[in-house]
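One structure below.
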Amino acid sequence: MSEKKQPHDVEDTGHEWDGIRELKNDPPRWWLIGYFLSPVFIVVYLILYPSIPLINDYTRGLLGWTQIDEYNESLAQLKIIREPFEKKIEALSAQEILSDSEMKRYAELSSKVTFGDHCGACHGSGGQGKPGFPILADDDWLYGGTLETIIETITDGREGEMPAFGDQLSEREISDLVAFVIASSKGERSPAGHDVFMGETSGEANCVDCHGEEAKGDHDMGSANLTDKIWRFGGSEEAIRRTITYGVNQDGKMTRRAIMPTFGTKLKESDIKKLAVKVWSFGGGQKPQEE
Ligand code: HEC
Ligand code: HEC
């Protein structure tokens, strides 16, 4: 920089406030250079890049750069990075993916968007469930939480079926059953309701055929476990009465709707594998029965 002038050597504008004079110094050199270069930069930019909107078009710039091209290029790069992983996923079974920490991580991360697009609306973005749709992140399973059953659920869909008992059972029998279900969920006993449940009263309810002697449900048909506090359709007296009276996926407005759509035709096999690993890893995944 040039030698600094002392304030008294510099002309001032004649303005003075409390002894501070406004001097007529030239602006710094770097500032001036920037000042004169900026219009040059603007002109060069206008020539090289798309910039000025026209009526039906826009000036495209000599470089031919567009944001979409840039996006497509990075997408293509991403595909190149993913390709070996995707090939491996196709070749491996879901169980093998799960046992390989790198592939497991890839499966979980790369299925995030698929899960959000196809599953999140019903099951919540993290599998936390929503009213009327089961939680996937717990270890309470209707159909079982092994990789195999999860893949089966996603591929073929599920539709729980429970008959409507409203016409078959007396008011009394239904009330006893409601009391029985509530008691069971708390680990308590309810002898009157137990008799109805076992089909030992005149209405011959066959609850036991589907829910089992212990009322813990059966994964083969997705009959809910009645001995826990996790409810598919609500655990109030009213909600349980409605389920028993109108059944699940039967005719009529009051029946409970429980339909898990089929994804076997909508998603690739490898996408389903990745989703199964993701659902398993939400926390409730179970080991295969043999182990
Ligand atoms: C339209 C809503 C809907 C969508 C979308 C949906 N599900 Fe489901 N899902 C359900 C319902 C309802 C059930 C329970 C079925 C039943 O009660 O019989 C279910 C059950 C399941 C189960 C079985 C849970 C258990 O306890 O055994 C799994 C696993 C599952 N869904 C995974 C998925 C995945 C993965 C996707 C995305 C590919 C998905 N679902 C998309 C509604 C949906
Ligand atoms: C044909 C098999 C079948 C029979 C018989 C049956 N259920 Fe069910 N029940 C199911 C299925 C399947 C579900 C779970 C539906 C689902 O979530 O998809 C279910 C669900 C329920 C639920 C809802 C539990 C919750 O978490 O919200 C209750 C309560 C229930 N059953 C009670 C009974 C009682 C009481 C009887 C006897 C009167 C009975 N069921 C008979 C198959 C059956």
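The values are calculated or read from the model by the stated rules, or taken from the named source; none is laboratory data. Predicted model only: the values in this text are computed from it and were never measured. Neighbour counts are summed over all protein chains in view; Cβ atoms, including those assigned to glycine, are modelled from backbone coordinates with ideal geometry. Remember, those area values only see protein heavy atoms, side chains included, never the ligands or the DNA or RNA. Shrake-Rupley method; radii C 1.70, N 1.55, O 1.52, S 1.80 Å.
Comparing 14, 127, 187 in a Gaussian network model of the chain (Cα springs below 10 Å), the most mobile by mean-square fluctuation is 14. Here's the picture: charge each Lys and Arg Cβ at +1 and each Asp and Glu Cβ at -1 in region 1-65, and of 44, 58, 27 the one pushed furthest to the positive end of that dipole is 58.
When the Gaussian network model of the chain links Cα atoms closer than 10 Å, the mean-square fluctuations of 261, 39, 50 top out at 39. Per residue, region 171-260 exposes an accessible area of 57 Å² to a 1.4 Å probe, with every protein chain left in place.
Cross-link partners for residue 79 among the aspartates and glutamates, with Cα-Cα distance under 16 Å and sequence neighbours closer than 8 places in the same chain left out: 69, 70, 90, 271. When the Cα positions of 226, 8, 183 are compared along the charge dipole of the chain, 8 comes out farthest toward the positive end, with charges on each C-beta of Lys, Arg, Asp and Glu. Note on the chain: helix-only mean residue ellipticity at 222 nm, from DSSP H runs of 4+ residues weighted -39500 (n - 2.57) and normalised by residue number, equals -13500 deg cm²/dmol. Mean silhouette area of the chain, derived from the convex hull of its C-alpha atoms and averaged over all directions, reads 33.5 nm².
Here the dipole of the chain is about 840 debye; that uses its Cα centre as origin and unit charges on the Cβ of Lys and Arg (positive) and Asp and Glu (negative). With 23 Å as the limit, the listed pairs 253/278; 87/278; 4/24; 112/273 have 253/278 beyond it between alpha carbons. Of the listed residues 41, 85, the order by accessible area with a 1.4 Å probe, largest first, is 41, 85.
Restricting region 8-54 to trypsin sites (Lys or Arg not before Pro) that sit in a DSSP loop and have at most 13 other Cβ atoms within 10 Å of their own Cβ leaves 24. Just to be sure I understand the rule: take each whole DSSP H helix in the chain, project its Cα atoms onto its long axis, keep it if the span is 15 Å or more and its mean Kyte-Doolittle hydropathy is at least 0.0. Which ones pass? Taking the DSSP H segments of the chain (at least 15 Å long, mean hydropathy at least 0.0), we get 29-48, 171-185. In a simple Cβ point-charge model (Lys, Arg +1; Asp, Glu -1; nothing else charged), region 65-144 has a dipole of about 60 debye relative to its Cα centre.
Net charge dipole, region 171-260: roughly 540 debye, given to the nearest 20, about the Cα centre with Cβ charges of +1 for Lys and Arg and -1 for Asp and Glu. Each of residue 31 and residue 231 was given a label point 7 Å from its Cα along the Cα-to-Cβ line. The distance between the two points is 7.3 nm. Rounded if a/c is under 1.5, else prolate if a/b is larger than b/c, else oblate: which is region 171-260, with a ≥ b ≥ c the root eigenvalues of its Cα gyration tensor? Rounded. Projecting the Cα atoms of 192, 240, 260 onto the charge dipole of region 171-260, computed from C-beta unit charges around the Cα centre, puts 260 farthest toward the positive end. Using C-alpha pairs under 8 Å with a sequence gap of at least 6, the mean separation divided by the residue count of region 110-171 gives a relative contact order of 13 percent.
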